[in-house]
Amino acid sequence: MLFNSLQFLIFFLVVTLIFFRLRTQRSRIMLLLVASCYFYMSFVYQYILILAFTTIVDYIAGILIEKSEGRKRKAWLIASIIANVGVLVFYKYFNFLVDNINDTLHLFDSSREIPYLNIILPIGLSFHTFQAMSYTIEVYWRKQKAEYHFPTYALYVMFYPQLVAGPIERPQNILPQLQQYKGYDINNIREGISRMLWGYFKKVVIADRLALAVDHIFANSEQTSWVGLCVGGILYSFQIYCDFSGYSDIGIGAARVMNIKLMENFKQPYLAPNITSFWSRWHISLSSWFRDYVYIPLGGNRKGETKRKRNIFVVFLLSGFWHGANWTFGIWGFLHGVLATFLPGKKVAPSKLKFGRNAINILATFCVVALLWIFFRAENIGHAWQYITGIFTLQDGSYNIGINITELWFSFFVIGVMLWREYKLPEHKINSRSKYIVYVSGMIAVLYFFGVFEENQFIYFQF
Amino acid sequence: MLKKTVIYALIIFGIGVLYISTSRDVMWRISQERNETDAWWGAHDVNHLGDMVNLAYLDDIKQFHSSRDYAFHKPEYNGSSNVNLYMNGDSYTFKIPDTAFAGVNRYEYVWIYSKHIKYNLDTTKKNILILENAERYVRIFFGGLDLFKIVYDSAKGPHQASIAKFPKVYYASFPFPDSIGAFFNPNINQNIEYNLFNYNFLNGIRIAKASFNYKVFNRASGNVQISEDGKQLFLKETIDSKRQESSYSPVSDEELTNIINNLNTIYDHYRAEGFDELYLAMIPNPVTIINPEGYNQLIPRLQNDPRLKIKLIDIYSTYQNADTVLYRPGDSHWYNSGMQLWIKEVNKMLVKWNDTTEVN
């Protein structure tokens, strides 16, 4: 059930209205749990079993960790991590590993081949696995108490607004909100709905429109001129941002309607003046996950410069492969690691950013990030290399970019509107009732008339 | 009180829409009613403007036709009726009645994508099975996963061994009863759209949006491509050379061999089940006939391959030489003229089966 589907809109309406009519928190939790199961099962219903498996394992592990001491405690944590990572590796990386082993065997002229498994990656596996691991690790560190009420714990993992593409939540943020309902709040409902509409705008008006051009350019990169390739790179940067942050906006807004506050996942990343700032603004829930559970446990910056650099590399490599079982993601992560190590720059909070003073840095950071996105989007390393050399060798070729010039300018216009609004009006609160009604009806009209409805999935679903 | 009533009404409405849009039976009944009525609640245009017009909503290519444009004549044949005809077909053939076929004692139509296919053979007659499939699905259907379902569901005894070679998707082997799948209709979004927004009186809004996109951005909405002369719509999937459904995406020798092997397996399987003969009927994509330049030659390569055991209803050659318009401009299906040529080919085969004991 995609967020940009009619099924989701009806589902959301029904679940939210029933949610507000229920009187006890336990019944609300049961409702959201059943709804989340239905939501997840509507993708591939059989895969609920995998989610149930990791949920039960982590629920039991959390309790056992809390009740144990010393080595036993650690053993339960390791068992939980093995179960989670095991499922992730099997479904996401098994064929990738086999592929690489087979390639290596071929190098030695071996005719032997390990057979591939015909498996489909369960949707959102990397997201809910990381969220589940976050819980057992926090319980192990004694920063979080184990949750004994199974439906509440299960809902922490499966809460539908963030189940399949994040934000990857932390138990300290979500569990207390699930345990204690804060009540009906009209301001939250309004804010949530306007946030959802903004997410839809980014997804169907911008991202899916840009996809028309991006798909064409990447599919025909050998025949496209270097100008077209540059346009493709720039458009893809905005496509992936609007697609992913749009999803987060819809999810955060949907939760907000029910008075549940999810963590922010993006803070104007393309206005970052350096790569460190970019990573403090892009997919924040994942970056902070790696920081808290990988970088700091490895020693962070406490054990000297060499180890700090090593730790950064490890984090970025893992982050790259987290996105997918393909060397393109690995290279993308590695190159970001190089930049973050050697050209880090200081973290600048969006509220303290002086746009005019940092314009050149912002532009340079965007260009580098956009260039690296090519690895992210390309089919394989050869394709990425061909694309990038096409740009730098000023490749001759077609100027056909899959959309006409009017639509290209229109795309830049809506991108400009989006950047301006997020820079100037980052909040989604509209206090005046009449303004709110105008905003909502205006947005619905804009979505219908300018939206591109081609049944496009969200890019981050594949992770 | 009013607020409460509205809330409960919305809940019931929402659940009702989800239920109706999930249920295949209910949707079928509703569409039968709504597609044929001119009333405000009808969806008459869906049935009469063509399936691609309803994806694209382009006023310029709108061409009204009635489902009665299909004329089904009784064939001029007075011989015996010794053939039982089984049609395993898709949307091209599902409206054709048994009366259109020559010398048929019994006619059974089975939707080609049905999961459970059971044929009740009458051994006192000749049992003929036609596998009819639109060209755009031939490679997917006979080259891959779906084949597994067909053979698996009707396989018996010794043929079980041949199943193993078909790829299986792992999720399918989880122990879930089929009935759970009924809760998750893959077409639910199209169904919701149909139930909520597909009304004759709302088409003006769709047309306005489609015209805007076409005139300003020069593209059709939906999965539709406008031909260069602007007079014909094609399904994008049949043009996009990166897709298997396309008439222009290359077919390797290896893929062709795989399709032929699978077809041969199907052939052996159904012959062993008691069918006297099997025929394959591939209906060419409209773009295959209208814009043949760059065609991947899927149909002729399959039809001319000596390894293929299954017999053929060759409509491709007939269409190539036809001097009439075969396909509707705003629909992925054929005109009556295209259908009549196909029925004629089938009837030639049926007459042979009735008149002779052996057919080559």
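Quick notes on this structure:
- Options B:Phe183, B:Phe234; residue that is more than 20 Å from the chain's Cα centre (by Cα) and either away from chain A (no Cβ under 13 Å) or at pLDDT below 85 (or both): B:Phe183
- Hits in the stretch A:279-291 (condition: in a helix (DSSP H, G or I) and touching a residue at least 12 places away in the same chain (Cβ under 8 Å)): A:Trp279, A:Ser280, A:Arg281, A:Ile284, A:Ser285, A:Leu286, A:Ser287, A:Trp289, A:Phe290, A:Arg291
- Checklist (1) more than 12 Å from every other protein chain (Cβ to nearest Cβ); (2) surrounded by 18 or more Cβ atoms within 10 Å (Cβ to Cβ) applied to A:Ile56, failing item: (2)
- Failed item, numbered, when A:Leu210 is tested on (1) crowded, with 23+ Cβ neighbours inside 10 Å; (2) more than 14 Å from chain B (Cβ to nearest Cβ): (2)
- Residue list for the stretch B:275-289, filter: over 16 Å from B:Glu345 (Cβ atoms) and of a type in the set (Phe, Trp, Tyr): B:Phe275
- Scanning the stretch B:279-287 for residues that are more than 22 Å from B:Ile343 (Cβ to Cβ) and either in contact (Cβ under 8 Å) with a residue 60 or more places away in the chain or in contact with a Pro (Cβ under 6 Å, 6 or more places away or on another chain) (or both) turns up nothing.
- Among all positions in the stretch B:107-121, there is no residue which is more than 18 Å from B:Glu277 (Cα to Cα) and in contact with a strand residue (DSSP E or B) (Cβ under 6 Å, 6 or more places away or on another chain).
- Restricting the stretch A:15-43 to residues that are more than 13 Å from A:Met258 (Cβ to Cβ) and among the hydrophobic types (A, V, I, L, M, F, W, C), the residue that is surrounded by the fewest Cβ atoms within 10 Å (Cβ to Cβ): A:Val34
- Looking only at residues of the stretch A:29-51 that are assigned to a helix (DSSP H, G or I), among the aliphatic types (A, V, I, L, M) and touching a residue at least 12 places away in the same chain (Cβ under 8 Å), we find that the one that is nearest to the other protein chains (Cβ to nearest Cβ) is A:Ile50.
- If you go through the stretch A:1-28 and keep only what is hydroxyl-bearing (Ser, Thr, Tyr) and either facing chain B (nearest Cβ under 9 Å) or not in a helix (DSSP H, G or I) (or both), you end up with A:Ser5, A:Thr24.
Residues are listed down the side, and each one gets a yes or a no for (1) surrounded by 21 or more Cβ atoms within 10 Å (Cβ to Cβ); (2) closer than 21 Å to B:Phe217 by Cα; (3) assigned by TED's automatic domain parsing to the domain that holds A:Ile168; (4) not charged (D, E, K, R):
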| site | (1), (2), (3), (4) |
| --- | --- |
| A:Asn220 | no, yes, no, yes |
| A:Gly232 | yes, yes, no, yes |
| A:Phe238 | yes, yes, no, yes |
| A:Tyr241 | yes, no, no, yes |
| A:Ser245 | yes, no, no, yes |
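- Selection within the stretch A:162-187 - more than 21 Å from A:Arg26 (Cβ to Cβ), in a helix (DSSP H, G or I) and among the hydrophobic types (A, V, I, L, M, F, W, C): A:Ile186
- When the stretch A:59-99 is limited to residues that are of a type in the set (D, E, K, R) and part of a helix (DSSP H, G or I), the one that is surrounded by the most Cβ atoms within 10 Å (Cβ to Cβ) turns out to be A:Lys92.
- Look at the stretch B:15-44: where a residue is away from chain A (no Cβ under 14 Å) and a partner is among the aromatic types (Phe, Trp, Tyr) and surrounded by fewer than 14 Cβ atoms within 10 Å (Cβ to Cβ), sitting 6+ places away or on another chain with Cβ atoms under 6 Å, you get B:Trp40/B:Phe201.
- When residues in the stretch A:129-145 are screened for being surrounded by fewer than 21 Cβ atoms within 10 Å (Cβ to Cβ) and among the polar types (S, T, N, Q), 1 of them pass.
- Options B:Asp355, B:Asp314: the member that is surrounded by fewer than 19 Cβ atoms within 10 Å (Cβ to Cβ) and in contact with a Gly (Cβ under 7 Å, 6 or more places away or on another chain): B:Asp355
- Counting only residues that are assigned to a helix (DSSP H, G or I) and acidic (Asp, Glu), the stretch B:317-340 holds 0 of them.
- Any chance A:Ser245 is of a type in the set (Ser, Thr, Tyr) and either away from chain B (no Cβ under 14 Å) or closer than 30 Å to A:Pro161 by Cα (or both): yes
- Test: residue in the stretch A:430-440 that is aromatic (Phe, Trp, Tyr), in contact (Cβ under 8 Å) with a residue 40 or more places away in the chain, surrounded by fewer than 17 Cβ atoms within 10 Å (Cβ to Cβ) and in the same structural domain as A:Met196 (by TED's automatic domain parsing): yes
- Boolean, B:Asp229 is without any contact (Cβ under 8 Å) to a residue 60 or more places away in the chain and either closer than 26 Å to B:Thr93 by Cα or surrounded by fewer than 18 Cβ atoms within 10 Å (Cβ to Cβ) (or both): yes
The values are calculated or read from the model by the stated rules, or taken from the named source; none is laboratory data. Predicted, not measured: the structure shown is a model, and the values here were computed from it. With ideal geometry, Cβ positions are generated from the backbone for all residues, glycine too; neighbour counts draw on all protein chains shown.
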